[in-house]
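Where a number appears in this text, it was derived from the coordinates with a stated rule and is not lab data. Everything quoted here is computed from the prediction, not taken from an experiment. Cβ placement follows ideal geometry from the backbone for every residue including glycine, while neighbour counts extend to all protein chains displayed.
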Amino acid sequence: MHMGKTIPRRTGRRRNADATPAAGSAPKPGFNLSESPLLRLAARRGGAEPFLSPQEFAAGERLRADFERAGLAPSLSARWDRPVGGGAVPSADTGIADFAIDARRRFEKAIGCLAADLAGVTLDICCFLKGMETVEYERRWPPRSA
């Protein structure tokens, strides 16, 4: 039950990541900036001062990029590249690219610098692209408290 409150939906289409990066470079995750809750916080309308500075916005987008590059987003479909069950256990060398390992290290270091309660909100907003209203609703916080 949403108690009469409408939860905003994400809109916009996500572009595919570049499948063939140049030698030695990481592919750029395909982002639709219009789906970023940070964009709304960094670009206030009506002459109001933005809630986020350009540096804070860039840091949030870097965190999101590292989250995507590291492959930390939950899988929403079947994995056809792994055995279904009873098959061989993948070895330690699963073919994870160096850029994904580096992205995961950067992501873990950034999240590790945050307090535990702030890390969860940061993940929800920057990585899972939840709006402030959704975060407030899911955590049962009063409106406009996030």
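Of R139, R104, the sequence from fewest to most neighbouring Cβ atoms within 10 angstrom is R139, R104. For segment 44-49, backbone phi angles converted through the Karplus equation (6.51, -1.76, 1.60; θ = phi - 60°) give residue-by-residue couplings of 6, 9, x, x, 6, 6 Hz, Gly and Pro being listed as x.
Which trypsin sites (Lys or Arg not before Pro) in segment 38-73 sit in a loop by DSSP (not H, G, I, E or B) and have at most 13 other Cβ atoms within 10 Å of their own Cβ? Answer in residue order: R44, R45.
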